[in-house]
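What follows is one structure encoded as structure tokens, with my remarks underneath.
The values are calculated or read from the model by the stated rules, or taken from the named source; none is laboratory data. Not measured: the values here are computed from a predicted model. Using ideal geometry, Cβ is built from the backbone for each residue, glycine included, and neighbour counts are taken over all protein chains shown.
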Amino acid sequence: MNIAHLIDSGGLYGAEQVLLTLCKQQQQQGLNPLIVSCGLPGEAEKPLEQAARAQAIPLLIWRMKAGINLEGMRQLHAALVKQNIQLLHSHGYKFNILLALLGRRKTGMPLLSTVHGYVKAKFPHKMWLYELLDRIALGRFDKIILVSNQMRQLKAFSGNSSRICVISNGIATENTNPSPVQVDGLLELVAVGRLSPEKGFGYLISALAELNRSQPTCRLTLMGAGGLDAQLKLQAEQLGQTGLIRFAGFVSNAQAQFHQYHMVVMPSLTEGIPVTLLEAMRNKTPIMASSVGGIPQVLGADNPLLTTPASIDSIVSKCRDWLQKTIAEREQLIERNYARYVQNYTAEAMAANYLAIYQSLIAQRLSV
């Protein structure tokens with residue numbers, strides 16, 4: 001089975017990591033995945049493209065003009081037909097829209113889209129228009145995959161359509177390198193993600209200032225790049241936290257450093273099932289995360305380190321509670337997180353679920 005995964009990547013974040021993991025598993029299943037990585041004419045090689053090469057995943061680098069470039073999509077489709085692609089799997093609104101405009105009849109293949117996350121933009125922002133077009137486009141796909149049950153509550157995916165189903169993200173099983181349970185000195189926190197509003201890092205910085213008000217209690221390393229870089233650095237300076245917050249920029253394979261920290265913090269305002277969450281669970285690193293999207297599903301709704309979204313007080317309270325817990329209580333929660341990962345969020349389980357859908361879609365197309 002020859003599968004084309006189409007994506008216009010902005011970095012090497014959660015969606016890209018899931019895609020790479022899925023492709024490696026599909027190779028082990030005997031499938032032939034191809035990552036089609038789109039960019040602008042003259043754009044340098046992207047981090048996703050470098051990672052795909054390093055992992056020996058077949059790659060088609062495609063460059064075309066921005067916007068709704070239907071002619072560029074036609075040319076790409078022709079190139080994929082020559083490679084005997086049997087199914088088109090989109091990972092983002094750009095190819096959702098372009099494939100829908102091309103049409104199922106023209107493509108001659110089943111169309112599948114994974115919605116890795118959903119950030120609602122406000123009118124009249126340009127992204128508002130793209131979201132509208134994306135919702136219309138998804139109506140023309142054979143199957144829509146959501147990464148958490150909570151995403152079904154969004155208006156765009158409400159209803160009981162048989163075209164919509166949920167497949168949780170999964171990551172490969174590796175040897176663990178656990179974080180220290182004992183806190184000697186400062187509580188070392190790490191946060192990973194794109195520096196954008198929906199990640200909620202501004203709330204985390206404000207919470208850190210409150211925790212350090214009387215004396216230094218916590219130190220934060222922020223791994224990520226994005227449009228809020230200057231704003232967050234200014235906030236840290238104004239709150240007197242410059243010496244206690246390190247802006248590390250984009251860090252490749254950030255999870256390899258988790259064992260150096262006492263806790264991974266995710267103050268997100270919206271999420272699907274973030275890969276960073278699963279990596280921390282696998283690594284036996286404690287996680288404090290907002291109760292949004294698929295996070296409560298993954299950690300359990302009764303997890304004591306779930307925080308209220310956009311709440312500085314909640315972050316402060318949970319950090320203080322953690323510092324008051326005994327080592328045995330911390331270890332118990334860490335082992336619970338690890339057990340939930342092994343049971344529900346491995347790469348093997350994710351790939352098996354996708355394979356079943358691929359086989360069903362291709363069988364339906366052949367029977368027409």
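Farther than 28 Å from Tyr354 by Cβ and touching a Lys or Arg at 6+ places or on another chain (Cβ under 9 Å): does that describe Val181? Taking the combined requirement at face value, the residue satisfies it.
Here Leu204 meets each of (1) over 17 Å from the mean Cα position of the chain (by Cα); (2) under 21 Å from Gly10 (Cβ atoms) with one exception, condition (2).
Residue count for the range 84-111 satisfying the condition of being without any contact (Cβ under 8 Å) to a residue 40 or more places away in the chain, loosely packed, with under 13 Cβ neighbours inside 10 Å and on the phi > 0 side of the Ramachandran plot: 1. Give the range 163-206 a look and list any residue that's closer than 19 Å to Ala254 by Cα, in a helix (DSSP H, G or I) and in contact with a Ser or Thr (Cβ under 6 Å, 6 or more places away or on another chain), or say none. Passing the criteria: only Lys199. Listed here are the helices (runs of 4 or more DSSP H) enclosed by the range 271-368 that have at least 2 residues being under 30 Å from Pro216 (Cα atoms): 275-283, 295-299, 312-324, 327-344.
Whether any residue in the range 81-93 is under 23 Å from Val18 (Cβ atoms), among the hydroxyl-bearing types (Ser, Thr, Tyr) and in contact with a helix residue (DSSP H, G or I) (Cβ under 8 Å, 6 or more places away or on another chain) is what I want to check. The answer is yes; a qualifying residue exists. Within the range 175-195, can you find the residues that are modelled with pLDDT under 95 and within 19 Å of the chain's Cα centre (by Cα)? Hits for the range 175-195 are Gly193, Arg194.
Inside the range 207-223, can you point out the residues that are out of contact with any Phe, Trp or Tyr (no Cβ under 6 Å at 6 or more places or on another chain) and either within 17 Å of Gly14 (Cα to Cα) or assigned to a helix (DSSP H, G or I) (or both)? Of everything in the range 207-223, those that are out of contact with any Phe, Trp or Tyr (no Cβ under 6 Å at 6 or more places or on another chain) and either within 17 Å of Gly14 (Cα to Cα) or assigned to a helix (DSSP H, G or I) (or both) turn out to be Ala207, Leu208, Ala209, Glu210, Leu211, Met223.
Selection of the range 150-179 for residues being surrounded by fewer than 17 Cβ atoms within 10 Å (Cβ to Cβ), in contact with a helix residue (DSSP H, G or I) (Cβ under 8 Å, 6 or more places away or on another chain) and more than 25 Å from Gln364 (Cβ to Cβ) yields Ala172, Thr173, Glu174, Thr176, Asn177, Pro178. Identify, please: which residue in the range 73-83 is in a helix (DSSP H, G or I) and in contact (Cβ under 8 Å) with a residue 12 or more places away in the chain and is, among those, nearest to Gln25 (Cα to Cα)? Result: Leu80.
A count restricted to the range 134-152 and to residues that are without any contact (Cβ under 8 Å) to a residue 60 or more places away in the chain and either under 17 Å from Asn169 (Cα atoms) or not small (Gly, Ala, Ser) (or both) stands at 8.
For Thr114, state whether it is closer than 18 Å to Met1 by Cα, surrounded by 14 or more Cβ atoms within 10 Å (Cβ to Cβ) and either polar (S, T, N, Q) or in the same structural domain as Gln17 (by TED's automatic domain parsing) (or both).
On the way: closer than 18 Å to Met1 by Cα: no; surrounded by 14 or more Cβ atoms within 10 Å (Cβ to Cβ): yes; either polar (S, T, N, Q) or in the same structural domain as Gln17 (by TED's automatic domain parsing) (or both): yes.
Against the criterion (closer than 18 Å to Met1 by Cα, surrounded by 14 or more Cβ atoms within 10 Å (Cβ to Cβ) and either polar (S, T, N, Q) or in the same structural domain as Gln17 (by TED's automatic domain parsing) (or both)), Thr114 does not qualify.
Would the range 202-212 turn up any residue that is without any contact (Cβ under 8 Å) to a residue 24 or more places away in the chain and either surrounded by 18 or more Cβ atoms within 10 Å (Cβ to Cβ) or not assigned by TED's automatic domain parsing to the domain that holds Ala356 (or both)? Taking every residue of the range 202-212 in turn, none turns out to be without any contact (Cβ under 8 Å) to a residue 24 or more places away in the chain and either surrounded by 18 or more Cβ atoms within 10 Å (Cβ to Cβ) or not assigned by TED's automatic domain parsing to the domain that holds Ala356 (or both). Hey, could you check the range 100-120 for residues that are closer than 17 Å to Val292 by Cβ and in a loop (DSSP other than H, G, I, E, B) and say which is modelled with the highest pLDDT? Once the filter is applied, the top-ranked residue is His116.
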